[in-house]
Amino acid sequence: MNTNFEIANQGSSGLALQQNRVLRNTYMLLGLSMVPTVIGALVGIQMGFSFLAGSPLMSFLLFMGIAMGFMWGIEKNKDSGLGVALLLGFTFFMGLMLSRILQVALGFSNGGSMIAMAAGGTGAVFFTMSTVAAVSKRDFTGMGKFLFVGMIVILLAAVANIFFQIPALSLTIAVAVVGIFSAYILYDISRIVQGGETNYVSATLAVYLDVYNVFVSLLQLIMAFTGERD
């Protein structure tokens, strides 16, 4: 009886160690992924990167194609160094794409402070949600289906607004994105803590996209309400 208890206890300890290792590696790789993102954003700003700005629908479709290609490659090679390299390449690409909204923000007289505010807000959201998921030990993975449906609705609304160009809808979408992807941070970190995600490359990709979307949408909202022209 005692032997069975010891084996079960050792198994539980081993699982906890694995979960902690995945979480630690995820945080480390997430931090590293911000470097190519920043580099990509700076390169994009210097180049005046626009990515088919004259054709929003084509730009969106091409972006989705490239992004999905990267994500497929990352998942396919997540157990090797190539997966990490592809992830860093993907974050550089996302930095380039980020440069478009950063250029818009920098067109305001208070652009720098708005970007800093969005970054600070994103950091606060990430810290809060990741702490709740890691410390509370509650299982938030049941939110997955609800969040996925919400993400699809947002995606459809965003595509529709490419044609309608309704400012109020853009703001509504931005608010929804902040809410959905903040919850996704909670969900994705919870998956690691609960043992549902055991690969730190896949975990980093998921959390990176959460953080990226929260930042972009927060910046959109901050620009809409606090942007100051010269």
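Here are a few things to note about the model shown:
- As a rough footprinting exposure proxy, the listed residues Asp139, Asp210 were ranked by other beta carbons within 10 Å of their own, and the order from fewest upward is Asp139, Asp210.
- Karplus 3J(HN,Hα) series, Hz, for region 118-127 with 6.51 cos²θ - 1.76 cosθ + 1.60 (x for Gly, Pro): 5, 5, x, x, 5, x, 5, 5, 4, 4
- In terms of Cα atoms, the Rg and Dmax of region 83-179 work out to 16.6, 44 Å.
- Scaled against the 2.2 N^0.38 Å expected of a compact globular protein of N residues, the Cα radius of gyration of region 21-149 reads 1.22.
- Neighbour-count order for Ile173, Ile185, fewest beta carbons within 10 angstrom listed first: Ile173, Ile185
- Sites Val104 and Ile152, calculated FRET efficiency, Cβ-Cβ separation with R0 22 Å, nearest 0.05: 0.25
- When the alpha carbon gyration tensor of the chain is reduced to an equivalent ellipsoid, the three semi-axes, largest first, read 35, 19, 17 Å.
- Residues in region 209-230 that a label on Ser113 would reach, taking backbone N under 20 Å of a point 7 Å out along Cα→Cβ: 218-230
- The fewest-to-most ranking of Met97, Met58, Met71 by surrounding Cβ atoms within 10 Å reads Met58, Met71, Met97.
- Summed residue charge, Cβ within 11 Å of Leu205's Cβ, Lys/Arg positive, Asp/Glu negative: -3
- Per-residue ellipticity at 222 nm computed for the chain from its helices equals -30000 deg cm²/dmol, with DSSP H segments shorter than 4 residues left out and the rest contributing -39,500 (n - 2.57).
- In the distance distribution for region 46-112, Cα-Cα pairs more than 20 Å apart total 41 percent.
- Size of charge dipole - the chain - debye, nearest 20, with Cβ of Lys, Arg +1 and Asp, Glu -1, no other charges: 100 debye
- Taking Cα centre as origin and charging only the Cβ of basic (Lys, Arg, +1) and acidic (Asp, Glu, -1) residues, the dipole magnitude of region 120-230 rounds to 240 debye.
FYI, it's all coordinate maths here, none of it is from the lab. A quick note: this is a predicted structure, and the numbers were derived from the prediction, not measured. Note: ideal-geometry Cβ built from the backbone for every residue, glycine included; neighbour counts use all protein chains shown.
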